[in-house]
Amino acid sequence: MSGMVRWPRAMRMSPSGAKSRAAALFIVRPVPHAWLIDAPDFWRLWLVGLVVFAVRWLEMLAVAVFAYQHTRSPFIVAALTMLRMLPMALFGAVIGALAERVERRTALLLVVLSMALTSLTLAILAWTGTLAVWHLAVAAFCNGIGWTTDNPVRRTMIGDSVGTERMSSAMSIDVGANNASQIVGPTIGGILLASVGIGGVFCVSVACYSLALIAAWRVGYRNPAVSTSAQSIVVRMTEGLALVRRDPRLVATLIVTIISNIFAWPATSMIPVIGHDRLGLGAVGIGVLSSMTGVGAFCGAVAIAFAARQAQFSRIYLSGVFTYLLLVPVFALAPYPLLSGTVLLMTGMANACFSIMQATLVYLAAPAEMRSRVYGVLSVCIGVGMIGFIQIGLLAGLIGASWAAAATGVAGILAMLLTRRWWRPLGAAG
């Protein structure tokens, strides 16, 4: 660890030893090494994330278009994304507690290998002409388990390798990789789907995962695995949940996370449907349209890495969510591809504000010895977003994808206003 969180003078230990940690603000010393050139393990972990993110976006676009072409059901399209999130809701807290029992580099290798094998299986099914939508559903759930490990395993490794002082810069770069992959992934997915079919998409996925395996193998970071009993896992999960309940900052961050994942992100699952039905786009056009959120998010991540200050973190987080929700109805009802793409670019910038600060605020608020557990709780809150995918899928079947997405964005704004008393500590901290 290269540094420690520095609390304001008023929050430091008094002579009697009392400190109000729950009311403390997030304040970290300025760091000259913003781009982490001297942290090779960070860049290896970053590369793993970049590859996994890119494959995720590539496959999600291709799978959504394939499923819609074969079923004409917006609900099926939303359900396939929902199945990727279901493991977070089911297993997030458990995986967060288990992450402390294993050597994280080994766990990372196993996760990437399992994803590669899943894509290889789908590629074989596609090239033999036997691929069905239910195969994609099973694969989405399996890869969702791997996705659930990202915060308690890979991102915890990133924090431990760079230190708390450089965590916000590290998260900006890491989320920037996610956003850059969102530019490339859907575009390549659309091109591959139109040219060589979905089998070619999964073959490219396997090749990409091989690169991620090499990067993960070269990571030098090792953490001591804690030998614990099965009973202690339950105790650790309970302790993580208890910590969240005691800390208003964590409560606020996680409530906003739940709202965003129920009402904001699910709207993006309708991009293929809106692009096809409302805007009349083909697979390539839908891929380009989907990539616009990545373009905006990448630009937002770069801006945050250079310009964001610790005192602004909470407000950046909140403004990102509000802006995203306000833009969703505009995108959903836009009549022209150019306008839709421009709005999606702006939603990408808003999403960068949300996603970077989400991981950073949780990391800084949680004690070092409990970060995996708290990240596990965060994964559960992200996984709750599957409710949003079910909701928007059902609404789309009733009133159409455009109006369903618009209604979801409006509902999200109302949810934020109704929960202000719980997320208000973040505004005060900002």
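The values are calculated or read from the model by the stated rules, or taken from the named source; none is laboratory data. Values in this document were obtained by computation on a predicted structure and should not be read as measured data. Glycine gets a Cβ as well: all are built from the backbone with ideal geometry, and neighbour counts include every protein chain shown.
Only residues that are surrounded by 22 or more Cβ atoms within 10 Å (Cβ to Cβ) and among the small types (Gly, Ala, Ser): list them for the range 85-106, please.
Gly92, Ala93, Gly96, Ala97, Ala99
Starting from the range 111-126, keep only residues that are in contact (Cβ under 8 Å) with a residue 24 or more places away in the chain, then list their pairs with residues that are of a type in the set (S, T, N, Q) and outside any helix (DSSP H, G or I) whose Cβ atoms are within a distance under 8 Å, requiring at least 6 positions of separation or different chains.
Listed by first residue and then by second, the contacts come to Val111/Thr149.
May I ask you to list the residues in the range 386-400 that are crowded, with 24+ Cβ neighbours inside 10 Å and either hydroxyl-bearing (Ser, Thr, Tyr) or under 23 Å from the mean Cα position of the chain (by Cα) (or both)?
First, pick out the residues of the range 386-400 that are crowded, with 24+ Cβ neighbours inside 10 Å: 386, 388-389, 392-393, 396.
The answer is Met386, Gly388, Phe389, Ile392, Gly393.
Arg56 versus (1) buried (at least 20 other Cβ atoms within 10 Å of the Cβ); (2) more than 30 Å from Ile392 (Cα to Cα); (3) modelled with pLDDT of 80 or more; (4) touching a Gly at 6+ places or on another chain (Cβ under 8 Å): which is the lone unmet condition?
(2)
Looking at the range 155-202, which of the residues that are of a type outside the set (A, V, I, L, M) and outside any helix (DSSP H, G or I) is surrounded by the most Cβ atoms within 10 Å (Cβ to Cβ)? Full working, then the answer.
Residues of the range 155-202 that are of a type outside the set (A, V, I, L, M), as a first pass: 155-156, 159-161, 163-166, 168-169, 172, 174, 176, 178-179, 181-182, 185-187, 189-190, 195, 197, 199-200, 202.
Filter once more, so that each one left must be outside any helix (DSSP H, G or I): 163, 197.
On the way: Gly163: 18, Gly197: 15.
Here the residue is Gly163.
Go through the range 222-273 and give me each residue that's more than 26 Å from Gln391 (Cβ to Cβ), surrounded by 14 or more Cβ atoms within 10 Å (Cβ to Cβ), at pLDDT below 85 and of a type outside the set (A, V, I, L, M).
Those that are more than 26 Å from Gln391 (Cβ to Cβ), surrounded by 14 or more Cβ atoms within 10 Å (Cβ to Cβ), at pLDDT below 85 and of a type outside the set (A, V, I, L, M): Asn223, Thr228, Ser232, Arg236, Glu239, Gly240.
Yes or no, residue by residue, for (1) touching a helix residue (DSSP H, G or I) at 6+ places or on another chain (Cβ under 8 Å); (2) of a type in the set (A, V, I, L, M); (3) not in a helix (DSSP H, G or I):
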| position | (1), (2), (3) |
| --- | --- |
| Trp43 | no, no, no |
| Ala78 | yes, yes, no |
| Arg84 | yes, no, no |
| Met88 | yes, yes, no |
| Ala93 | yes, yes, no |
| Gly96 | yes, no, no |
| Thr130 | no, no, yes |
| Leu136 | yes, yes, no |
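Criterion first (touching a Cys at 6+ places or on another chain (Cβ under 6 Å) and either surrounded by 24 or more Cβ atoms within 10 Å (Cβ to Cβ) or among the hydrophobic types (A, V, I, L, M, F, W, C) (or both)) does Ala123 satisfy it?
So Ala123 passes the test.
Right, Arg420: under 28 Å from Ala307 (Cα atoms), of a type in the set (D, E, K, R) and crowded, with 24+ Cβ neighbours inside 10 Å or not?
Here the answer is no, as Arg420 does not meet what is asked.
Within the range 68-75, does at least one residue satisfy the condition of being buried (at least 23 other Cβ atoms within 10 Å of the Cβ), part of a helix (DSSP H, G or I) and not charged (D, E, K, R)?
Yes, the range 68-75 has at least one match.
Check off (1) assigned to a helix (DSSP H, G or I); (2) among the hydrophobic types (A, V, I, L, M, F, W, C); (3) over 25 Å from Ile173 (Cβ atoms); (4) touching a Gly at 6+ places or on another chain (Cβ under 8 Å) for Met115 and give me the number that stays unchecked.
Result: Met115 passes all but (3).
Output the residues belonging to the range 144-174 that are more than 27 Å from Arg309 (Cβ to Cβ) and either of a type in the set (A, V, I, L, M, F, W, C) or in contact with a Ser or Thr (Cβ under 9 Å, 6 or more places away or on another chain) (or both).
Step one: filter the range 144-174 for residues more than 27 Å from Arg309 (Cβ to Cβ), giving 144-149, 152-153.
Scanning the range 144-174 gives Ile145, Gly146, Trp147, Thr148, Thr149, Pro152, Val153.
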